[in-house]
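Just so it is clear, none of the values below were taken in a lab; they were calculated from the coordinates. Here the structure is a predicted model, which is why all the values come from computation and not from measurement. Positions of Cβ are backbone-derived with ideal geometry, glycine not excepted, and every protein chain shown enters the neighbour counts.
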Amino acid sequence: MTAEPTAVPSPAGPPLELILMATPHALLPARVFAASAARHLGVDEPGVEDVRLAVSEIVTSAVEGGSERVTVAFSRADGHVSCTVEGAGPLDPEGSDIRRADLLDALVDDLRVEGATVTFHVPTNSVAAADS
Amino acid sequence: MFARAATLAMTALRTCRTSGRAGTLTTMGVKDSVTRTAYTSDVIGAGSPSPLVLTGSEEITIDLVIDIYPHGAWQVVAVKGELDLATAPQLREAILQLGAGGEHRVIVDMTEVGFVDSSGLGVLVGSLKHLRELGGELALVAPESSPLSRLLDLTGLDRSMPALPSVDAVAD
């Protein structure tokens, strides 16, 4: 792992938000957006991969749950980046082989599910965090 | 500040659009993939300066590239691309066809898979069950640092479905 900075430290600023129709074709753009937003807001590379996977899982639940639209939003807070997904479906529908809620718990911090809204946090890297 | 955020998000979406023509999406680690894209995105800066909202009706799927070749008593299914809800059915279909054709010992080589989530993992688990019902077996190949190995570790499935480092490491 190189010590190259992965993001320009950025101020808290307005949230970055992507709204997509909840279809399987939304997954790739949702992941591109999630990784770019997380990196931009100061998440380091292993964390960016975790965000990419977490958002893919939650948007998949939206597609499987029959949501019409799904909204993925990122904002910077004190020492972490917060992600909110609106329009999520049940994380673990009956009969699924893999426990998605457990996977998300292992990937990210402060996972909260309130109806169709899922939020989580990921820590920012120390360089960007020190700048905020 | 806003302008920079807008530029970033535009870049992310432009990457998708560019990939539609070039057939590669290097930021996602996908190469040599066939791309099917109908991209009709509107980027809306909205009236107020915040938040930055992007809406779109993206139809983006980069198909998996699946190569199948024999290796001793096994058939190797070598996968390239990103394995998610949109693409996993292609892999399931390929393995089902092998099973239906009497090939019940399958190695899925995930070395070139840059992303896999629980949808992809579900297909691997389902295919393993299916091939065992036919009296066969499924073996996984992926490097230790790969997305698949990480996901197997996170889900605890590495104990029942370990990934081997290479096709040659699979026992006959």
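Modelled label-to-label distance, B:ASP158 and B:LYS129, 7 Å Cα→beta-carbon offset: nm?
Taking the two extended label points, one gets 2.4 nm.
Under a crude label model (7 Å from the Cα following the beta-carbon direction), how far is B:ARG92 from A:ASP97 in nanometres?
If labels sit at B:ARG92 and A:ASP97, their model points lie 1.0 nm apart.
Can you figure out the FRET efficiency of B:GLU144 with A:GLU45, using R₀ = 25 Å and their beta-carbon distance, to the nearest 0.05?
My answer for the efficiency is 0.90.
What does the structure give for B:98-110 when I average, per residue, the other chain Cβ atoms found within 10 Å of the residue Cβ?
Mean inter-chain Cβ contacts per residue within 10 Å come to 0.
With label points built 7 Å along Cα→Cβ from the Cα atoms of B:GLU137 and A:ASP78, find their separation and express it in nm.
Rounded to a tenth, the inter-label distance reads 5.6 nm.
Please compute, for peptide B:78-87, the average count of beta-carbon atoms on other protein chains lying within 10 Å of each residue's beta-carbon.
Whole-number average of other-chain Cβ neighbours for B:78-87 is 4.
Where does each of B:ILE107, A:ILE19, B:ILE60, A:ILE58 land when they are ranked from fewest to most other beta-carbon atoms within 10 angstrom?
Going from sparsest to densest Cβ surroundings: A:ILE19, B:ILE107, B:ILE60, A:ILE58.
Let me know the mean shielding of B:118-125 by other chains, meaning the per-residue number of their Cβ atoms within 10 Å of its Cβ.
Working: counts 14, 10, 1, 3, 3, 1, 1, 2.
Per residue, the number of nearby Cβ atoms from other chains is 4 on average.
Select from segment A:13-94 those GluC sites (Glu not before Pro) which occupy a DSSP coil region and have at most 16 other Cβ atoms within 10 Å, ordered by residue number.
A:GLU68, A:GLU94
Quick one: which of B:124-131, A:24-31 comes out on top by average Cβ neighbours within 10 Å, and what's the full order, highest first?
Values: B:124-131: 18.9, A:24-31: 24.6.
Averaged packing, sorted descending, gives the order A:24-31, B:124-131.
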